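Student: Here you go, one structure.
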Amino acid sequence: MKFWHSSHTFEHPWEMVSQAFWRKYPNEYQSHVYGTDVIERYLDEEGRLHSKRLIISDWKVPGFMKIFYQDPRGYAVEHSIVDPVNKTLTLKSENVNAATLFSFQENIVYRGSGAQTFLQHEAKIRFSASRLVDDAAENWLFGRVSNAARDGLKAMDSIIDKVEAEMQHTLQTVGRTLDESLTDARRSLDESLADAEKFIDSSITDAKLGVDQMARGVVEPSRA
């Protein structure tokens with residue numbers, strides 16, 4: 001049995017990193033992942049999002065392992081919990097096929113703190129195919145996990161950049177829309193004030209004219 005561990009710090013807030021995670025597949029760095037299927041998803045009483053997904057990938061089984069396992073596809077079930085209050089994204093995954101030959105379990109946590117997000121990634125590997133190949137198989141999978149984790153970080157950084165660019169574009173668009181709305185509001189207010197001034201000036205002029213006419217006797221006072 002072998003244990004693998006890695007940690008990483010994203011210089012981005014948790015909201016951005018967690019959004020990037022859900023858009024992780026497919027990506028150019030991990031082409032071995034064919035896709036994901038959501039099996040179950042629900043919100044609990046505390047407002048946490050629970051998801052269960054099937055991850056389908058190409059294991060790229062080495063030659064010495066094909067005696068025991070020939071299907072190149074691997075299937076794993078991933079359970080995740082998104083806690084927006086405590087800013088954590090917790091994932092647990094385990095292979096569901098070839099379970100009699102080996103066990104591969106992953107525990108991943110994304111934890112937000114201010115403008116940073118901390119990643120903790122752990123894996124447990126155990127082969128039980130044959131004492132002749134178990135050590136070699138565990139070493140092979142250990143290397144695969146290390147390479148996949150490194151490529152996964154590259155993918156996350158790439159997707160985070162896209163998410164950040166999209167957010168900035170949205171903010172700029174909203175800003176332009178707000179500026180245009182304010183400009184239109186100012187123009188409408190100026191036009192309304194101008195119309196009001198014209199009305200007031202016209203009313204004053206008419207009132208002065210009426211007073212002048214009354215003073216000249218053109219308009220006779222009404223008689224009760």
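Student: Does His32 meet the test of being closer than 30 Å to Asp134 by Cβ and open to solvent by 90 Å² or more (accessible area, probe 1.4 Å)?
Tutor: When the stated conditions are applied, His32 does not pass them.
Student: For region 41-57, enumerate the residues that are within 30 Å of Pro72 (Cβ to Cβ), open to solvent by less than 90 Å² (accessible area, probe 1.4 Å) and of a type outside the set (S, T, N, Q).
Tutor: Those that are within 30 Å of Pro72 (Cβ to Cβ), open to solvent by less than 90 Å² (accessible area, probe 1.4 Å) and of a type outside the set (S, T, N, Q): Lys52, Arg53, Leu54, Ile55, Ile56.
Student: Looking at region 147-171, I want the residues that are within 13 Å of Glu28 (Cα to Cα) and in contact (Cβ under 8 Å) with a residue 60 or more places away in the chain and have a partner that is in a helix (DSSP H, G or I) and aliphatic (A, V, I, L, M) with Cβ atoms under 6 Å, at least 6 apart or on another chain. Which pairs are those?
Tutor: Between residues of region 147-171 that are within 13 Å of Glu28 (Cα to Cα) and in contact (Cβ under 8 Å) with a residue 60 or more places away in the chain and residues that are in a helix (DSSP H, G or I) and aliphatic (A, V, I, L, M), the close pairs are Met156/Ala20; Ile159/Ala20.
Student: Does Lys52 satisfy the condition of being under 18 Å from Val109 (Cα atoms) and touching a His at 6+ places or on another chain (Cβ under 9 Å)?
Tutor: yes
Student: Can you tell me how many residues within region 84-119 are touching a residue at least 12 places away in the same chain (Cβ under 8 Å) and over 21 Å from the mean Cα position of the chain (by Cα)?
Tutor: Looking only at that region, the number is 12.
Student: Can you tell me which residue in region 77-106 is most open to solvent (accessible area, probe 1.4 Å), limited to those that are assigned to a loop (DSSP other than H, G, I, E, B) and at pLDDT below 95?
Tutor: For region 77-106, the residue satisfying everything is Thr100.
Student: Within region 119-135, is even one residue open to solvent by 30 Å² or more (accessible area, probe 1.4 Å), hydrophobic (A, V, I, L, M, F, W, C) and assigned to a strand (DSSP E or B)?
Tutor: No, because not a single residue in region 119-135 is open to solvent by 30 Å² or more (accessible area, probe 1.4 Å), hydrophobic (A, V, I, L, M, F, W, C) and assigned to a strand (DSSP E or B).
Student: Further question on the same structure: Which of the residues that make up region 4-28 are among the aromatic types (Phe, Trp, Tyr) and open to solvent by 70 Å² or more (accessible area, probe 1.4 Å)?
Tutor: Scanning region 4-28 gives a single hit, Trp22.
Yes/no per residue for (1) in contact with a helix residue (DSSP H, G or I) (Cβ under 7 Å, 6 or more places away or on another chain); (2) closer than 21 Å to Arg150 by Cβ:
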{"site": "Pro26", "(1), (2)": "no, yes"}
{"site": "Val33", "(1), (2)": "no, yes"}
{"site": "Ser51", "(1), (2)": "no, no"}
{"site": "Ser57", "(1), (2)": "no, yes"}
{"site": "Phe68", "(1), (2)": "no, no"}
{"site": "Gly74", "(1), (2)": "no, yes"}
{"site": "Lys87", "(1), (2)": "yes, no"}
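Student: Which condition from (1) among the polar types (S, T, N, Q); (2) without any contact (Cβ under 8 Å) to a residue 12 or more places away in the chain; (3) assigned to a strand (DSSP E or B) is the one that Ser31 breaks?
Tutor: Going through the list (1) among the polar types (S, T, N, Q); (2) without any contact (Cβ under 8 Å) to a residue 12 or more places away in the chain; (3) assigned to a strand (DSSP E or B), Ser31 breaks only (3).
Student: Kindly provide the set of residues from region 11-28 that are under 14 Å from Leu119 (Cα atoms) and either in contact with a Gly (Cβ under 9 Å, 6 or more places away or on another chain) or part of a loop (DSSP other than H, G, I, E, B) (or both), ordered by number.
Tutor: Those that are under 14 Å from Leu119 (Cα atoms) and either in contact with a Gly (Cβ under 9 Å, 6 or more places away or on another chain) or part of a loop (DSSP other than H, G, I, E, B) (or both): Glu11, His12, Pro13, Trp14, Glu15, Val17, Ser18.
Student: What's the number of the only condition in (1) of a type in the set (Lys, Arg); (2) under 18 Å from Gln30 (Cα atoms); (3) in contact with a strand residue (DSSP E or B) (Cβ under 9 Å, 6 or more places away or on another chain) that Arg144 fails to meet?
Tutor: Evaluating Arg144 over (1) of a type in the set (Lys, Arg); (2) under 18 Å from Gln30 (Cα atoms); (3) in contact with a strand residue (DSSP E or B) (Cβ under 9 Å, 6 or more places away or on another chain) leaves (3) as the failure.
Student: In this structure, is Asp184 modelled with pLDDT of 70 or more and either closer than 30 Å to Trp14 by Cα or over 36 Å from the mean Cα position of the chain (by Cα) (or both)?
Tutor: No; evaluated as a whole, the condition is false for this residue.
Student: State which residue is modelled with the highest pLDDT when the search covers only region 59-76 and only residues that are open to solvent by 30 Å² or more (accessible area, probe 1.4 Å) and in a strand (DSSP E or B).
Tutor: Only one residue tops the list, namely Tyr75.
The values are calculated or read from the model by the stated rules, or taken from the named source; none is laboratory data. All figures in this text were calculated on a predicted structure; none of them were measured in a lab. Glycine gets a Cβ as well: all are built from the backbone with ideal geometry, and neighbour counts include every protein chain shown. Just the protein is used for accessible areas: all its heavy atoms, side chains included, with ligands, DNA and RNA removed. Shrake-Rupley method; radii C 1.70, N 1.55, O 1.52, S 1.80 Å.
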